[in-house]
Amino acid sequence: MSFAKAQDLLRLALIASSRHAGISLAEIRTEFDISHRTAQRMTDALEATFANVEITDGSDRRRRWRLQDPALERLEPRQETTIEALEIAVREAKDNNRLRHARALEDLRDQHLIKLPVRDALRAEADAEAVLSSLGHVARPGPQTGQRPAVMDAVIEALRGPFKLRVSYGQKNSAERILEPHGVLLGLRSYLVARQPSRGPELLNFRMDRILDAASLDETFIFEPEFSIDDHAAKAFGAYQDPAQYGEVVWKFAPAAAERAAGFQFHPHQKSERQPDGSLIVSFNAAGWLEMAWFLYQWGDAVEVLAPSGLRKLTEDYRRSDFDALP
């Protein structure tokens, strides 16, 4: 067995011991980016190498492998990459004012460091700092709106319940609102996705930077059936949601820009189609024409809006030919 295969087998053993329900072939394929047959060979090796392998068939008709062996703690892989990942996650949480998550991640990082000999711990910390420095402090480029850490803490507490949320929104001394939070969209401008019962049953987006104060209430509510924050986010190109604008969006990138555009994911559900002349047509369903226009301006005259007509009118007079670079 090669060193690489031995490392993969050890990693599979650690995963199989850490997951309460075990790990399936489909999950092994995704985790290791391998074929179904290779995943089967890995489970065969797992069974042949370790004595305490439990194999169960779940209600979903998927077979899962689980390993229970405290001795595995002594075979724990090197922690440098784990500590780097935790340091990155800590800084990202702090950048988003998710301070309670940052503290939890710091505790987890410290637990890993405690297990290491002093020399290895110091080296791991130094390596993590070097990687973080080379990544530019892992911050999103460009301006961002500010958020209040206390507000984010209250929102997270409410989402755990789920509990209703009392907020002061907009201007000082504004009337308090009672919201039913469903999720948070983090980005250049972050939004709380919530229902405000006094305004109706639909889900609305509230700008996080405009929430002046928030408190989680000791009162639960029922989530929107089958709500998915990813599906909700996909209704918009950026963060702005407007049902009146929602529909098919079609962009045509000129042949000179097609290769560059093909490297972008403009929307999680986009479809791309190369044309005989070398151009690229990208289509998806979303709202938020203004945010689309802001983005499309960077492409100069290398992109043309085919649909919808409202977005086409918004951009057609601002397509420039003197941009000497593409995004």
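Straight-distance candidates among the aspartates and glutamates for linking to LYS271, with alpha-carbon spacing under 13 Å and chain neighbours fewer than 8 residues away dropped: GLU248. For LYS115, the lysines whose Cα falls under 30 Å of its own Cα, not counting residues fewer than eight places away in the same chain, are LYS5, LYS94.
Residues whose amide H comes within less than 5 Å of that of LEU212, counting only those at least five positions distant or on another chain, are SER168, TYR169, GLY170 (H built at 1.01 Å from N in the peptide plane). Please go through the range 165-211 and write out the trypsin sites (Lys or Arg not before Pro) that DSSP classes as loop and that have at most 11 other C-beta atoms within 10 Å. Answer in residue order: LYS172.
Only Lys, Arg, Asp and Glu carry charge here, each on its Cβ (+1 for the first two, -1 for the last two); on that basis the chain has a dipole of about 240 debye about its Cα centre.
Per-residue Cβ neighbour counts within 10 Å put GLU180, GLU291, GLU226 in the sequence GLU226, GLU291, GLU180, beginning with the fewest. 3J(HN,Hα) along the range 198-210, derived from phi through the Karplus expression 6.51 cos²θ - 1.76 cosθ + 1.60 where θ = phi - 60°, amounts to 5, 9, x, x, 6, 7, 10, 10, 10, 5, 5, 6, 9 Hz, with x in place of Gly and Pro. 3J(HN,Hα) along the range 279-291, derived from phi through the Karplus expression 6.51 cos²θ - 1.76 cosθ + 1.60 where θ = phi - 60°, amounts to 6, 10, 9, 10, 9, 6, 10, 6, 10, x, 4, 5, 5 Hz, with x in place of Gly and Pro.
Cα convex hull, the chain: 222 Å³ per residue, rounded to a whole number. Give me the number: length gained by fully extending TYR246 to THR49, i.e. 0.36 nm times residue separation minus the C-alpha to C-alpha distance, one decimal in nm. Difference between extended and current length: 65.5 nm. Taking the fewest neighbouring Cβ atoms within 10 Å as the starting point, the ordered list for ARG64, ARG148 is ARG148, ARG64.
Comparing ALA286, ALA26, ALA256 in a Gaussian network model of the chain (Cα springs below 10 Å), the most mobile by mean-square fluctuation is ALA26. With contacts taken as Cα pairs under 8 Å at a separation of at least 6 residues, the chain carries a relative contact order of 10 percent. Sorted fewest first by neighbouring Cβ atoms within 10 angstrom, TYR240, TYR191 come out as TYR240, TYR191. Among SER190, SER168, SER309, the residue with the largest mean-square fluctuation in a Gaussian network model of the chain, with springs joining Cα atoms closer than 10 Å, is SER309.
Once the mean of 1/r is taken over each pair of separate Cα atoms and inverted, the range 179-327 shows a Kirkwood hydrodynamic radius of 17.2 Å.
Once the C-beta distance of LEU122 and HIS269 is scaled by a Förster radius of 35 Å, the resulting FRET efficiency is 0.15 to the nearest 0.05. The stretch between SER35 and LEU99 holds 19.0 nm of extra length on full extension. This uses 0.36 nm per residue minus the Cα-Cα distance. One chain, two ends: LEU203 and ALA293. Fully extended at 0.36 nm per residue, the span grows by 29.9 nm beyond their Cα-Cα distance. Rounded to the nearest 0.05, what FRET efficiency do ALA85 and ARG62 have when you use their Cβ-Cβ distance and R0 = 35 Å? After rounding to 0.05, the efficiency reads 0.80.
First check a/c for the range 3-75, with a ≥ b ≥ c the square roots of the eigenvalues of its C-alpha gyration tensor; if it is under 1.5, answer rounded, and if not, answer prolate when a/b is larger than b/c or oblate otherwise. Oblate, since a/c reaches 1.5 and b/c is not below a/b. A cut-off of 5 Å between modelled amide H atoms, ignoring neighbours fewer than 5 places along the same chain, links LEU306 with VAL250, TRP251, LYS252.
All of the numbers you see were taken from the coordinates with simple rules; none came from a lab. Just so it is clear, the structure is predicted and the values come from calculations on it, not from any experiment. Positions of Cβ are generated from backbone atoms using ideal geometry, with glycine treated the same way; all protein chains shown enter the neighbour counts.
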